[in-house]
Amino acid sequence: MPDSTPEAVRPVLEARALHKVYARHGSPVQALRGVSLTLWPGDFVAVVGPSGCGKSTLLHVCGAMDRPTSGRLAIGGAWVDELGDDRLTDLRRRHVGFVFQFFNLLPTLTALENIALPLLLTGVPFRTAASRATALGERVGLAGRLDQLPRRLSGGEAQRVAMARAIVHHPSLIVADEPTGNLDTATGARVLDLLLELNRERHITVLLATHAAEVARTAGRVVYMRDGVVEREEVRSRAAV
């Protein structure tokens, strides 16, 4: 039955008792052990914990890039386990934006083409997609660099391309896995400021994994993980819903 809850009060993301088990060298490894999490419109949530605690796995599952072994996940009211692969791909393309530590830009596409790609994948005509990508690229400080291939960009420029690509299709959720981890301190701070600005101005929900305490301090909520479970959650400010 379709979810009739008004979008204004519906969670952007709802995770219930997520488990994820990988087979490694013939033995099962439990990356997630019953993680539950709810994100509301405008939330900025940082997930922190030591390497191997399950942060990246949680983000991949919450971004619908990977399915949980058990448990349930809903994005925008749609339960992922009820969707086939094609519908899940469409949900991810339309409602989720991804930002990664190592940028994940396509090396043979220019900065402009990388930014426009999510629009093109959903059928937006090239001219319209290029216009929107140009305006957004200039908005994030890439004027004069949009015709460059990724290898010609600095780390900060490449991450701003990745940020623009993540939001060009107006997603309700940004999933950011260590977005400042491969940048120097000053450049990382500028990228974080941009992410915070997008969260506040566009009311986009952000789920971010980080090792950096200074990054976590900017979040309204901090989720502390260890060994695949949530140890505790610290609420500093709540988004209006």
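Summary of values
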item	result
The one condition in (1) part of a helix (DSSP H, G or I); (2) among the hydrophobic types (A, V, I, L, M, F, W, C); (3) within 19 Å of the chain's Cα centre (by Cα) that ALA135 fails to fulfil	(3)
Residue among ARG16, ARG93, ARG87, ARG67 that alone is closer than 19 Å to VAL223 by Cα and of a type in the set (Lys, Arg)	ARG16
The one condition in (1) more than 13 Å from LEU39 (Cα to Cα); (2) of a type in the set (Val, Ile, Thr); (3) in contact with a helix residue (DSSP H, G or I) (Cβ under 7 Å, 6 or more places away or on another chain) that VAL175 fails to fulfil	(1)
Filter result (basic (Lys, Arg), touching a helix residue (DSSP H, G or I) at 6+ places or on another chain (Cβ under 8 Å) and modelled with pLDDT of 90 or more) within segment 109-159	ARG132, ARG145
Residue ID - surrounded by the most Cβ atoms within 10 Å (Cβ to Cβ), chosen from residues in segment 181-217 that are more than 15 Å from the chain's Cα centre (by Cα) and outside any helix (DSSP H, G or I)	LEU183
Residues that are at pLDDT 95 or above and either farther than 12 Å from ASP66 by Cβ or exposed (fewer than 13 other Cβ atoms within 10 Å of the Cβ) (or both), drawn from segment 20-30	none
Segment 138-177 - residue that is in a helix (DSSP H, G or I) and charged (D, E, K, R) and, of those, farthest from the chain's Cα centre (by Cα)	ARG152
Members of segment 201-212 found to be without any contact (Cβ under 8 Å) to a residue 40 or more places away in the chain and out of contact with any Asp or Glu (no Cβ under 9 Å at 6 or more places or on another chain), listed by number	GLU201, ARG202
Filtered residues of segment 44-98 (kept if aliphatic (A, V, I, L, M), in a helix (DSSP H, G or I) and either within 23 Å of VAL215 (Cβ to Cβ) or in contact (Cβ under 8 Å) with a residue 24 or more places away in the chain (or both))	LEU58, LEU59, VAL61, LEU88, LEU91
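The values are calculated or read from the model by the stated rules, or taken from the named source; none is laboratory data. Keep in mind that this is a model prediction, so the values were computed, not measured. Neighbour counts run over all protein chains shown; Cβ positions are idealised from the backbone, glycine included.
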